[in-house]
Every structure is written in structure tokens, then in C-alpha cells.
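Chemist: Submitted below is the structure of interest, expressed as C-alpha cells.
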Amino acid sequence: MNKTLTLFNQQVLQCQDDAYTLAWYLLGDEAEAEAVMQKAIEAAYRCFALKLENCHLLILKQVVEHCRGRKPAACGSNGPDIFHNLELLTESERLALILIEFLRLGYSEAARITDIP
């Protein structure tokens, strides 16, 4: 295995839980979150191999890009209240809340991931 792939895999292991959590909160569906996470990791590797960037932020940025335009799963009356409350926010507000409050990222990191100053 080449050195770049080894380094990438080590970093993925450290951030895959955050990537899944972000996708799950944005989409509200386990299978969709897993699919988005896999696509994000594949896309992030192509960027990582060229620039050797911070994998954590790169993968989270890819998750955001893959979730954009997808509708969150509809929750029935028995669904978690968190999804109902998140649906009341704009997409940008929801994304910022998840990154800062749930994943505990700093404002500058959230801004880099979302491309929102």
C-alpha cells in the first residue's frame, strides 16, 4: 500500500464517525447517511492524494456537498423531535448548528466546510 493511501486511511478512521453523524443529522436516514459517507470518502481521497489536506475537514465538506439537494427523511409523529426542530431551520442554519454544536467544530472550521463566512 502506498504512503499516501496509508496516511489517508489513518485519518479516515479518526473522522468517519463525525462524517456519518453529519450525514445522519442532515438526512435522517441510516442507509442514506452510509451511502453519502462512502461517496464523500471516495471524493475526498482524490483531493487528498493531490494536496495532502486535513482529511477531517475535507471529508466533512464532501458530506455537505453530497447531502445538498437531498431531502431529509420524513419523520412520523413517533420520530425524533430533533429532526422536526431541525426542519424549522434553513439549510445553512441547520448545517452550522450540526457542525458547531454536535460535532464541536470551531466557527472557522465550519465556515471552511460550508463555504459560508
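Chemist: Scanning for something among the small types (Gly, Ala, Ser), at pLDDT below 90, surrounded by 14 or more Cβ atoms within 10 Å (Cβ to Cβ) and within 12 Å of the chain's Cα centre (by Cα), does region 34-52 turn up at least one residue?
Modeler: Within region 34-52, one or more residues are among the small types (Gly, Ala, Ser), at pLDDT below 90, surrounded by 14 or more Cβ atoms within 10 Å (Cβ to Cβ) and within 12 Å of the chain's Cα centre (by Cα).
Chemist: While we're looking at this one, here's another question. Pull up region 6-30, narrow it to residues that are out of contact with any helix residue (DSSP H, G or I) (no Cβ under 6 Å at 6 or more places or on another chain) and without any contact (Cβ under 8 Å) to a residue 24 or more places away in the chain, then point me to the one that is nearest to residue 67 (Cα to Cα).
Modeler: Of everything passing the filter in region 6-30, 30 is nearest to residue 67 (Cα to Cα).
Chemist: Within region 4-37, restricting attention to residues that are in contact with a Pro (Cβ under 7 Å, 6 or more places away or on another chain) and in a helix (DSSP H, G or I), which residue is nearest to residue 98 (Cα to Cα)?
Modeler: 26
The values are calculated or read from the model by the stated rules, or taken from the named source; none is laboratory data. Everything numeric in this text was worked out from a predicted model, so none of it was measured. With ideal geometry, Cβ positions are generated from the backbone for all residues, glycine too; neighbour counts draw on all protein chains shown.
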